[in-house]
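Chemist: My questions all concern the structure below.
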Amino acid sequence: MKVAVVGTRGFPDVPGGVEAHCENLYPRLARQGCAITVFTRRPYVPPKRFVYKNVALQPVFCPKQKFLEALVHTLCAVVLAGKLRPDIIHFHALGPSLFVPLARVLGMKVVMTTHGPEYKRKKWNGAAKAVLRLGEWAGVRFADAVIAISEPIAADIRNRRKEITVIPNGVAVPALAASEEILKKYGIQKNKYILAVGRFVPEKGFHDLIAAFAAHDFSDWKLVIAGDADHEDRYSSELKKQARRHPQVVLPGYLTGQPLSELYSHAGLFVLPSYYEGLPIALLEAMSYQRSCIVSDIPAHKNVVTEAERFFAPGDVAALAEKIAVFARRPLSEAEKLRQLEVLKRFDWDTIAENTLAVYKKVLGYDRKK
């Protein structure tokens, strides 16, 4: 089975939820016999990186510009995919899905994965939100099959299409890192820092986290926010200025691999204060390292975290500060760690790959050919 993939900037080691999803999913599908070609965005991947774990990476031109990048890249990629003649072309995210009808016109079978209603993100202006809504409509209306990464996302679009397959993001349970090189680099003490991971965009709520951290006396702790902006803007610049006013706030930038593993392994508390999420891989990762987590009270987090006491209202800085004060000094019990591992069984990447392959086979009529 030949599968073309559009909608991701690329991998490995390219930050982003869609990128992490694709980096974990497609090598597993390749091991199951699929010939995978991922159309990557040239500014984000090494120019001579053409294969990753038996997945073909095809770099395609795009401007590195927030509003045009995904659209220009996807248009070029769909035209190239038409020449490749795959059995399936798999679109990820709403912006790229604007070109689902074009793929259908070119004779391709289409699977579309929605990672959430991105038009709810505060970083987009009115015109961009309109394009994203149109992309959602085009994907849901014209794709041969639609996948949603969570039940709340699926519920949002079932009034337009009843048959939605829910296949979540996944996570692999890692071994805890023994090394502490990244901690030494930034003067961080093991189990004495709060960790957050993600892009510097308004809906992540990192401005609230810094304000909450500064509101209480955490003189022996630090706040580490691992991430950055894809495209520097007013919000990300202001967030960095806000962080610089507090010497106990550390911004190490985007991290992957061993440095990020070390930060997860030794964190005293993980916090995700988002206003909106699809299904946050960073939260799944924190739980896989068996970190104590507190999160904002939004549907995506309720899909993962089960204890009501670990929620706070998004944007409520005082409530967040109180939760930090309580949970920073309360390590996870063994019973809580076991509950986390039980929750994570729903997010196994091998199962996710098998379920995705089942969608492909259904679209191609394999079940009818038996």
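The values are calculated or read from the model by the stated rules, or taken from the named source; none is laboratory data. Bear in mind the structure is a predicted one, so any value in this text is a computation, not a measurement. For neighbour counting, all protein chains shown are included, and Cβ atoms are generated from backbone atoms with ideal geometry for every residue, glycine included.
Chemist: Filtering region 1-50 down to residues that are aliphatic (A, V, I, L, M), buried (at least 17 other Cβ atoms within 10 Å of the Cβ) and not in a helix (DSSP H, G or I), which residue is nearest to the chain's Cα centre (by Cα)?
Modeler: Initial filter on region 1-50 (aliphatic (A, V, I, L, M)): 1, 3-6, 14, 18, 20, 25, 29-30, 35-36, 38, 45.
Next, only the ones that are buried (at least 17 other Cβ atoms within 10 Å of the Cβ) stay: 3-6, 14, 18, 20, 25, 29-30, 36, 38, 45.
Subsequent filtering for residues that are not in a helix (DSSP H, G or I) retains 3-6, 14, 36, 38, 45.
On the way: Val3: 22, Ala4: 20, Val5: 17, Val6: 16, Val14: 11, Ile36: 21, Val38: 17, Val45: 18 Å.
Here the answer is Val14.
Chemist: Based on what the data block shows, is Ala353 free of Cβ contacts under 8 Å to residues at least 24 places away in the same chain and either in a strand (DSSP E or B) or not assigned by TED's automatic domain parsing to the domain that holds Val197 (or both)?
Modeler: No; evaluated as a whole, the condition is false for this residue.
Chemist: Scan region 276-300 for residues that are out of contact with any strand residue (DSSP E or B) (no Cβ under 7 Å at 6 or more places or on another chain) and in a loop (DSSP other than H, G, I, E, B) and jot them down. Walk me through it before giving the result.
Modeler: Initial filter on region 276-300 (out of contact with any strand residue (DSSP E or B) (no Cβ under 7 Å at 6 or more places or on another chain)): 276-279, 281, 284-285, 288-290, 298-300.
Within region 276-300, Tyr276, Glu277, Gly278, Leu279, Tyr289, Gln290, Ile298 meet the criteria.
Chemist: Being closer than 22 Å to Gly170 by Cα and aliphatic (A, V, I, L, M) is the filter here, so list the residues in region 333-370 that pass it.
Modeler: Within region 333-370, Leu338, Leu341, Val343, Leu344, Ile352, Ala353, Leu357, Ala358, Val359 meet the criteria.
Chemist: Name every residue in region 93-128 that is within 19 Å of the chain's Cα centre (by Cα) and part of a helix (DSSP H, G or I), in order of residue number.
Modeler: Pro96, Ser97, Glu118, Tyr119, Lys120
Chemist: Filter region 86-131 down to the residues that are of a type in the set (Lys, Arg) and within 21 Å of Ser274 (Cα to Cα) and list them by number. If you could, list the steps in order and put the result at the bottom.
Modeler: Here is the first cut: in region 86-131, the ones of a type in the set (Lys, Arg) are 104, 109, 120-123, 129.
Result: Lys120, Arg121, Lys122, Lys123, Lys129.
Chemist: Right, something else. Take the conditions of a type outside the set (Val, Ile, Thr), on the phi > 0 side of the Ramachandran plot and surrounded by 20 or more Cβ atoms within 10 Å (Cβ to Cβ) and apply them to Gly139. Does it pass?
Modeler: On the way: of a type outside the set (Val, Ile, Thr): yes; on the phi > 0 side of the Ramachandran plot: no; surrounded by 20 or more Cβ atoms within 10 Å (Cβ to Cβ): yes.
When the stated conditions are applied, Gly139 does not pass them.
Chemist: Quick one: in region 41-65, which of the residues that are without any contact (Cβ under 8 Å) to a residue 12 or more places away in the chain and not hydrophobic (A, V, I, L, M, F, W, C) is farthest from Leu132 (Cα to Cα)?
Modeler: Going residue by residue through region 41-65, those that are without any contact (Cβ under 8 Å) to a residue 12 or more places away in the chain are 46, 48-51, 63.
Adding the requirement that they be not hydrophobic (A, V, I, L, M, F, W, C) leaves 46, 48-49, 63.
Values: Pro46: 28, Lys48: 32, Arg49: 30, Pro63: 18 Å.
Among those residues, the one meeting the criterion is Lys48.
Chemist: Separate question: Starting from region 66-84, keep only residues that are part of a loop (DSSP other than H, G, I, E, B), then list their pairs with residues that are of a type outside the set (A, V, I, L, M, F, W, C) whose Cβ atoms are within a distance under 7 Å, requiring at least 6 positions of separation or different chains.
Modeler: Lys66/His231
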